[in-house]
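Please find one structure pasted underneath; my questions will follow.
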Amino acid sequence: MTTQLQEKAIYALDRAHTTVEFIVRHLMITKVRGRFTAFDGQIELAPGSDLPTSITVTIDAGSIDTREEQRDAHLRSTDFFEVEKFPHLTFESTQIHGTPDDFTIDGKLTIRGITREVQLTGSFEGRVTDPWGGVRAGYTAHGTINRKDFDLAWNAALETGGVVVGDEVRIELNVEAVLAQKAAA
């Protein structure tokens, strides 16, 4: 009797077709959207499953882009990400549970050298073979963090009450990943 080895699949994030974005309240009246443009990561899947078993991501903090260079420079400074000292943000899943259509990702997010447990909600968006023979999978995920938990505490009071920057930050991920390898599970 022969035993067929099942293979886990490892997908690499396609930076050209993946967005790592955030939304934060500004001046108490609107929301500003930003993104990180440089990152690497991978998604691991169990044999025959679309539900990830592991997710890891490293983000270049200096790649922050809010479409306003003066604001981006401030975000890179010691008031916020302090990119000279802390050049990367990292995320590593600790547990993923649910179904491919609706799953929860528990993980450790590190910003400015501070690691906190966070939770994201995700879903599998589909799989396709691209015109060049690569296998691609799509996922979305979102969640909310408090920026002060990561010592991103700079703010200024407004004369009319309130503050310049809200504390809650919504994270939104739209991921396209390409099959990088298969390995024995």
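The values are calculated or read from the model by the stated rules, or taken from the named source; none is laboratory data. The structure displayed is predicted, hence computed values, not measured ones. Backbone-built Cβ (ideal geometry, glycine too); neighbour counts: all protein chains shown.
Take the residues of region 81-129 that are within 15 Å of the chain's Cα centre (by Cα) and charged (D, E, K, R): which is nearest to residue 39 (Cα to Cα)?
92
Please work out which residue is surrounded by the fewest Cβ atoms within 10 Å (Cβ to Cβ), limiting yourself to region 109-135 and to residues that are farther than 19 Å from residue 85 by Cα and of a type in the set (A, V, I, L, M, F, W, C).
132
A follow-up question, please. Condition first: more than 19 Å from residue 172 (Cα to Cα) and of a type outside the set (Val, Ile, Thr). Can you find one or more residues in region 52-67 that meet it?
no
Is it the case that residue 147 is basic (Lys, Arg), surrounded by 14 or more Cβ atoms within 10 Å (Cβ to Cβ) and at pLDDT 90 or above?
Judged against the criteria, residue 147 is not a match.
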